[in-house]
């Protein structure tokens, strides 16, 4: 028996099969059961070569089984021998390679697992959340693991994906979160026994801390009050309430109780909503010309104001105010920061702006403490009880 080396399979077998029509098996002399089938059909000059593993299943059965490993050159001789050796070890340990393969085929691929995940998990999420998950899956997860069984994805491969998309740290971090959710779902389904995304390090992200300070805010408000109609009221509502733009846009009259200055919005898995309304926020709702459907609407409640229109109107206000362009979420950061500066504590901030944990509220409390520190230093420098000489700012020449 020959040794089925790469050279033997590539060069020697074609010469041996040159005058043969039909099948001929070549058995390896190193790994028992490892063999190659050469096949040439009568009406074809094409030679196909396929690797097999033949074995006697554990138990009382005396009938030998033969499993196809794969064809050459898709599988090299070394790769095929390694697969055959793995199967031989399984047989020695009392397992049946054919049963193992059948079980593996029963496990879903990434795509199949994702479709079940969408149907059973994502359908209860908001449309924006579903869209976000779909985007991360399509851009990062699917190209990386397309066609793979969900069970076979390893932590090393997840880390390799992290390195590959390192230039998109935020997108990658969100994709890791989505993949982790999918793998946890697979564990519940019995498709996996572990989560390969667990403990995979995330990239640091640049947190956007933009807000309108005591100089910019009056300029912004001066132009904001000039915006007429529902879109103006929507932006004013966001500015005065600190609501997320998605929640404000989709607020409906059946969720509002103006007599109690409250709203009733079901909490989501990752977000909670503020329930108390300030008198200014309630006044903006009260003055809408309709009382059904969406509160802020150009269609008498039939449709919410489009997000793109909010962005365009906000850009116009910023331009008129002579300040840098901001996003709707900047207004949320602005009122939260000013609330903290005015003395709101962690509990008050959590209730006012709908944070589940103290972590976000603490960011604003710490920011207010930092700003307060700067303020007292400015005041002390003006009084200057120690009569310190003023420092001159000198621009150094460029070299």
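The values are calculated or read from the model by the stated rules, or taken from the named source; none is laboratory data. All values derive from a computational prediction rather than experimental measurement. Counting neighbours? That spans all protein chains shown, and the Cβs are built from the backbone with ideal geometry, glycine included.
Of all residues in the range 66-80 being touching a residue at least 24 places away in the same chain (Cβ under 8 Å) and surrounded by fewer than 17 Cβ atoms within 10 Å (Cβ to Cβ), which is nearest to residue 18 (Cα to Cα)?
So the first thing to find is which residues in the range 66-80 are touching a residue at least 24 places away in the same chain (Cβ under 8 Å), and the list is 67, 72-73, 75-78, 80.
Narrowing the set further to residues that are surrounded by fewer than 17 Cβ atoms within 10 Å (Cβ to Cβ) leaves 73, 76, 78.
Values: 73: 18, 76: 21, 78: 24 Å.
Applying the filter and picking the extreme gives 73.
Could you please let me know if residue 49 is in contact (Cβ under 8 Å) with a residue 12 or more places away in the chain and out of contact with any strand residue (DSSP E or B) (no Cβ under 6 Å at 6 or more places or on another chain)? Spell out how you get there, then give the answer.
Working: in contact (Cβ under 8 Å) with a residue 12 or more places away in the chain: yes; out of contact with any strand residue (DSSP E or B) (no Cβ under 6 Å at 6 or more places or on another chain): no.
So residue 49 does not fit the description; no.
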Next item on the list: Identify, by number, the condition in (1) farther than 22 Å from residue 288 by Cβ; (2) modelled with pLDDT of 90 or more; (3) more than 27 Å from the chain's Cα centre (by Cα); (4) part of a helix (DSSP H, G or I) that residue 330 doesn't meet.
Entry: (3)
Item checked: Filtered residues of the range 291-323 (kept if surrounded by fewer than 18 Cβ atoms within 10 Å (Cβ to Cβ), in a loop (DSSP other than H, G, I, E, B) and touching a residue at least 12 places away in the same chain (Cβ under 8 Å)) -> 291, 292, 293, 298, 322, 323
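Could you identify the single residue in 222, 134 that is at pLDDT 90 or above, assigned by TED's automatic domain parsing to the domain that holds residue 328 and either over 23 Å from residue 246 (Cβ atoms) or assigned to a helix (DSSP H, G or I) (or both)?
On the way: 134 fails: assigned by TED's automatic domain parsing to the domain that holds residue 328.
Answer to the selection: 222.
Is it the case, given these coordinates, that residue 37 is surrounded by 13 or more Cβ atoms within 10 Å (Cβ to Cβ), in contact (Cβ under 8 Å) with a residue 40 or more places away in the chain and assigned to a strand (DSSP E or B)? Don't jump to the end; show me each part of the working.
Working: surrounded by 13 or more Cβ atoms within 10 Å (Cβ to Cβ): yes; in contact (Cβ under 8 Å) with a residue 40 or more places away in the chain: no; assigned to a strand (DSSP E or B): yes.
No.
From 322, 343, 302, grab the single residue that is more than 20 Å from residue 211 (Cβ to Cβ) and more than 27 Å from the chain's Cα centre (by Cα). Break it down into steps so the answer makes sense when it comes.
Numbers: 322 fails: more than 20 Å from residue 211 (Cβ to Cβ); 343 fails: more than 20 Å from residue 211 (Cβ to Cβ).
Matching residue, one of 322, 343, 302: 302.
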Note to self: With the requirement that a residue be closer than 24 Å to residue 82 by Cβ and either part of a loop (DSSP other than H, G, I, E, B) or touching a residue at least 40 places away in the same chain (Cβ under 8 Å) (or both), what does the range 1-23 give you?
What the structure shows: 1, 2, 3, 4, 5, 6, 8, 9, 10
